[in-house]
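Chemist: For reference, the structure I am asking about is given below.
Taken together, the values in this text are just the output of simple stated rules run on the coordinates, not laboratory data. Every value quoted in this text rests on a predicted model; they were computed, and no experiment measured them. Virtual Cβ from ideal backbone geometry, glycine too; neighbours counted across all protein chains shown.
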Amino acid sequence: MAAPKPRVKVPKTASAGEVITIKTLISHNMESGQRKDKDGNPIPRQIINKFTCEFNGQKVFECDLDPAISANPFFEFSAKVNESGTFKFTWVDDDGSVYSSENQIEVK
Amino acid sequence: MKKTVVISALAAALACVGVAGPAWADPVDEQLVIDGETMITRAKAPEGHPFDEVLSGWLFRTVETRALETDSFTNPGMLEVEEGEAIWNKVEGSAGKSCASCHGDAAESMKGIGAHYPKWDAEAKRPINIELQINKCREQNMGAEPYDFDKGGQKQLTAYIKRQALGEPVSIDLSQGDLQSWWEKGKDLYYTRTGQLNLSCASCHEANMGKMIRADHLSQGQINGFPTYRLKNAGLVSVHNRFRGCIRDTRASFPKAFSDELMALEVYVTWRGSGLSVETPAVRQ
């Protein structure tokens, strides 16, 4: 598997109090742990187990992921922005790796 | 009074059934806009075409499938297009070159290119498509092994190159070399019934276009969006794979990818979609 790569789509600007749509996607195999390789040995589970989104340090969205979620998990959600700041997205892998992305938004 | 109500309710129910039948099978009348750019999904057919209007397969898909294609962020095929971009920049072979070493930025050098293949290959004296062009480049210029069919990064790199032609109307120049005679051969194949089910391409995609074949809505079978992301495969599907799959479904033995038969068919089927925008990677069922 190529290294998981997070992708995020957040508008660059918004008006105060606007509800914006955020889309996120991370390329990841989401190996469920239920499959076997061709010799019959179980393939160990390796999935993204947690996703969070923070805005200026305040939690906006968080969820746990389970093995039935398909590869390349995609999340779309909305958030209300009152001030300029930074969205921070993190994905936590079963192997302990944390992938993150930061996106600025300017409120006009 | 009560009776009238029942009768009118029944009439309304019947009217619904009447409307729902044909409406369900017709292609939708909608505009495909990808990242703000309008695609041509209905085009006037070229002269000698059996239809008056050529229609993109996008018009035949469900509302959810159609929506996936309108934003390159939600289009699952774009992940593989990104892989294609990485291959474009990767040095391979004895000459120490990547695609980018000669062609630079694909956004410029490959802009619109994918809409005008297959072309005539004067050296090989047969049509050449993007997959074969990549292989030719790999062998002659990079000193690298050509890709086996659908292997290595063939689909991804092809999709990346064709993506640079997004929106460009498909048109091929049949006056190149012997391309016209390959077109004729492709046309013969298109109308030849094969397999235990005795079906030709035209049986489904021409005679019954717009109707349901069990749960599937038959389109015109255009290839303007290939390599296409198929939800069924959860990955890109190349045009020769699709041809082989279709022929297999008629329960016939099917020709090899890039064989003379399938190259001729690609020339002819590409021409049948003349005027439609390249949608690579299209999203289909």
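Chemist: Using a 7 Å offset from the Cα along the Cα-to-Cβ direction at both A:Ala71 and B:Lys232, what is the distance between the two label points in nm, to one decimal?
Modeler: 1.9
Chemist: How tilted is helix B:2-25 with respect to the longest principal axis of chain B? Cα atoms for both, answer in degrees (0 to 90, nearest 10).
Modeler: In chain B, helix B:2-25 runs at an angle near 20 degrees to the longest axis.
Chemist: Just to confirm the number: angle between the C-alpha axis of helix B:179-190 and the first principal axis of chain B, 0 to 90 degrees, nearest 10?
Modeler: Computed tilt is about 40 degrees.
Chemist: Taking the simple approach of a point 7 Å from Cα along Cα-to-Cβ for both B:Ser94 and B:Asp178, what is their distance in nm?
Modeler: 3.1
Chemist: Report, to the nearest 10°, how far helix B:239-249 tilts away from the longest principal axis of the Cα atoms in chain B, using its own Cα long axis and a range of 0 to 90°.
Modeler: Value to nearest ten degrees: 50.
Chemist: What lysines could a cross-link reach from A:Lys5, if we take a straight Cα to Cα line under 19 Å and drop same-chain neighbours fewer than 8 places away?
Modeler: Within the straight-line limit of under 19 Å, A:Lys5 reaches these lysines: A:Lys23, A:Lys50, A:Lys88, B:Lys90.
Chemist: Could you work out how far the C-alpha centroid of the stretch B:190-226 sits from that of the stretch B:103-149, in angstrom?
Modeler: Between the Cα centre of the stretch B:190-226 and that of the stretch B:103-149, the gap is 29 Å.
Chemist: Using Cα pairs closer than 8 Å and at least 6 residues apart in sequence, work out the relative contact order for chain A, in percent.
Modeler: 33
Chemist: Taking a label point 7 Å from the Cα of A:Lys50 along the Cα→Cβ vector, which residues of the stretch A:68-108 have an amide N closer than 13 Å to it?
Modeler: What the label zone holds, given the 13 Å backbone N cut-off, is A:90-99.
Chemist: At a Cα cut-off below 29 Å, give the lysines reachable from B:Lys185, other chains included and same-chain residues fewer than 8 away excluded.
Modeler: Of all the lysines, those that pass the test against B:Lys185 - Cα under 29 Å, at least 8 places apart if same chain - are B:Lys44, B:Lys119, B:Lys125, B:Lys136, B:Lys151, B:Lys155, B:Lys162, B:Lys211, B:Lys256.
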